[in-house]
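Engineer: Right, I'll just put the structure down here and ask away after.
The values are calculated or read from the model by the stated rules, or taken from the named source; none is laboratory data. What you see is a predicted model, and the numbers here were worked out from it, not measured in a lab. Note that each Cβ is placed from the backbone with ideal geometry, even for glycine, and that neighbours are counted across all protein chains shown. These accessible areas exclude ligands, DNA and RNA; they are computed on the full protein's heavy atoms, side chains included. Shrake-Rupley method; radii C 1.70, N 1.55, O 1.52, S 1.80 Å.
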Amino acid sequence: MLTGKRIILRAPERDDLEAFHKWQNDEEVMMLARSMPDHVKSMVSIEAELEKDLKGEDPEVRRYMIQEKSSGKAIGWSSIRFHTWARRYHNADLGLCIGEKGKWGKGYGTEVTKLLLEEAFEQLNLHKVGWWTFAENKASIALAKKLGFKEEGRLQEQIFFNNQFHDSVVLGLLKSQYDKRRHS
């Protein structure tokens, strides 16, 4: 469990199934979370995905529920997904989604990202973390840059949704850059 000022990042539990189902069937939430409006998922398929998390069957990803301390309610999810090209964990991608729209724009994403960065660099001793989104997701790009990520590239017309192609933006943050910001 990772603890911030207003949130806790904790392991997913079976009780989170209904919230996941609601969020993963919301077109707007899923477009921002996955850069595609893939928003038609059955309770059974979401339950099967959650079951893998509960059993710890995927060593390449750590998933967390974002729980608001004041209400005790889950408001979204986040993850650290490891790159295993060299059979060692040096790099990972961070991901997060605030599923409760009423919580958007209130600083929860910043707090979640800071906790994920702390975990990635200070506990897991990763060398680099990545962040990617579609070019029109200005809030996601601004959040990443605010916390020190640098744009590394754009993949032209990489994602297709809403009947058109969109560029994908790739950002990265090295441990040395994180350490420098933390100590300044």
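Engineer: Test each condition in (1) free of Cβ contacts under 8 Å to residues at least 12 places away in the same chain; (2) in contact with a strand residue (DSSP E or B) (Cβ under 9 Å, 6 or more places away or on another chain) for E57 and report the one that comes out false.
Structural biologist: Among (1) free of Cβ contacts under 8 Å to residues at least 12 places away in the same chain; (2) in contact with a strand residue (DSSP E or B) (Cβ under 9 Å, 6 or more places away or on another chain), E57 violates only (2).
Engineer: So, of the residues in the stretch 58-80 that are under 19 Å from I8 (Cβ atoms) and part of a loop (DSSP other than H, G, I, E, B), which turns out to be most open to solvent (accessible area, probe 1.4 Å)?
Structural biologist: Taking the candidates together, the pick is K73.
So that you can scan it fast, the table gives a plain yes or no per residue for (1) at pLDDT 95 or above; (2) of a type outside the set (A, V, I, L, M, F, W, C); (3) within 22 Å of Q177 (Cβ to Cβ):
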| residue | (1), (2), (3) |
| --- | --- |
| Q67 | yes, yes, no |
| T84 | no, yes, no |
| A120 | yes, no, yes |
| W132 | no, no, yes |
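Engineer: Scan the stretch 100-125 for residues that are closer than 16 Å to L143 by Cβ and among the small types (G, A, S) and jot them down.
Structural biologist: Across the stretch 100-125, the qualifying residues are G105, G107, G109, A120.
Engineer: Starting from residues that are touching a Lys or Arg at 6+ places or on another chain (Cβ under 9 Å) and open to solvent by 60 Å² or more (accessible area, probe 1.4 Å), keep the ones in the stretch 38-57 and report whichever is farthest from T113 (Cα to Cα).
Structural biologist: E47
Engineer: Of all the strands (runs of 3 or more DSSP E) wholly in the stretch 81-165, which have at least 1 residues that are open to solvent by 100 Å² or more (accessible area, probe 1.4 Å)?
Structural biologist: By residue number, 128-134, 150-161.
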